[in-house]
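Here is the structure we will look at, set down as structure tokens.
All of the numbers you see were taken from the coordinates with simple rules; none came from a lab. Model, not experiment: these values are computed from the prediction. Glycine gets a Cβ as well: all are built from the backbone with ideal geometry, and neighbour counts include every protein chain shown.
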Amino acid sequence: MGNILNIINAISEKVMVKEVVGPILVICISILINGVIKNVVHRFFHITKKRLTTKEEKRTITVVSLITNIIKYIIILIDVIIILGIYGIPTTSIIASLGAVGVVLGLALQDTLKDFVSGFFMITENQYRMGDWVDIGNFQGEVINIGLKTTQIRAYTGEVKIISNRTITEVINYNLANSLAIVDVPIPYEEDYEKAEDVLKKLCDHLTNTLEKIKGNVTLLGINEYGNQGLIYRITVDTIPTEHYGVQREIRKQVKKVLDENNIKMGYPQVVVHNGKRI
């Protein structure tokens, strides 16, 4: 019985020493701190996510994951330094060495670090999102991937361009606002312009109720110019971003159809000849 008590006392003394209890406390406190910070970050972004679209939610999740990972690795690094200090290992020289190594790595990987910093700000500032149609460095296409180091853009013909984030200084984003569909309708000068205008107004009212991917009313602005094809009427309508090309094609189709139904000719380039001379 005495031997058992002696063994228990020896184990208790060993367990209670600083070298065992200290690291355990450091790890437990760090796990607690990391959990609290992670919860705060998730709660902060959860407030704004309720009003976001699916694409914006993906961007938010990316930012949250990035922030929590950075915090986790910082806490791990601090824990290692504290635990080494508990075991009597001098950490001052280690910290100094890490600083020197960090400077060397920073100089060697400065372009990569610039990519990471630029990518972080692109994601957080919402300059563009997955699926946006953009123009970067005279290359136009759809954003198919946004990373911390590179951005990938696919042209409508299928080519994919991979761009380092640090080189992206100016971006034209066609998805941040509605697009504008514009259709010019030439009516010959000899046609009844009042009849043509009335037909086009009725068509615009019809298209407002039937066209998809538009925002607002299809509007006939009136005579936009006197052209060599005749009077040029202009029709406009706001569309969902980047959908104006398809809407324009449908409007042109309907314009041709309704003018034919009302026996109104469309204008075309003409050459007038007087006394055998072209004018």
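Determine the alpha carbon to alpha carbon distance for each of Lys213/Lys265; Lys149/Lys213; Lys38/Lys161; Lys201/Lys253; Lys215/Lys265; Lys161/Lys215 and list only those over 27 Å.
Details: Lys213/Lys265 29 Å; Lys149/Lys213 35 Å; Lys38/Lys161 35 Å; Lys201/Lys253 16 Å; Lys215/Lys265 30 Å; Lys161/Lys215 32 Å.
Correct reply: Lys213/Lys265; Lys149/Lys213; Lys38/Lys161; Lys215/Lys265; Lys161/Lys215.
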Along the stretch 196-208, Karplus-curve 3J(HN,Hα) (6.51, -1.76, 1.60; θ = phi - 60°) to the nearest Hz, with x for Gly and Pro, reads 4, 5, 5, 5, 5, 5, 5, 5, 4, 4, 5, 5, 4
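Please give the contour-minus-distance gain from Arg154 to Arg252: 0.36 nm per residue of separation, less the Cα-Cα distance, rounded to one decimal in nm. List each step's numbers first, then the result.
On the way: separation 98, 0.36 × 98 = 35.28 nm, distance 2.86 nm.
Here the segment from Arg154 to Arg252 would lengthen by 32.4 nm.
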Beyond 16 Å, the calculated P(r) of the stretch 128-173 holds a percent of Cα-Cα pairs equal to 22
Long-range amide H partners of Gly227, meaning residues 5 or more apart or on another chain whose placed amide H is closer than 5 Å, are Ile232
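So what is the relative contact order for the stretch 179-261, in percent, with contacts set as C-alpha pairs under 8 Å and at least six apart?
Working: 132 pairs, mean separation 34.7, N = 83.
The normalised contact order for the stretch 179-261 reaches 42 percent.
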Over the Cα atoms of the stretch 179-261 the radius of gyration and the largest Cα-Cα distance (Dmax), both in Å, equal 12.3, 38
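How much FRET efficiency would the formula 1/(1 + (r/R0)^6) give for Val80 and Lys114, where r is the Cβ-Cβ distance and R0 is 45 Å, rounded to 0.05?
Numbers: r = 28 Å, r/R0 = 0.62.
The computed FRET efficiency comes out at 0.95.
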Per the 1/(1 + (r/R0)^6) rule, R0 = 51 Å and r from the Cβ atoms of Leu32 and Thr169, FRET efficiency to 0.05 is 0.75
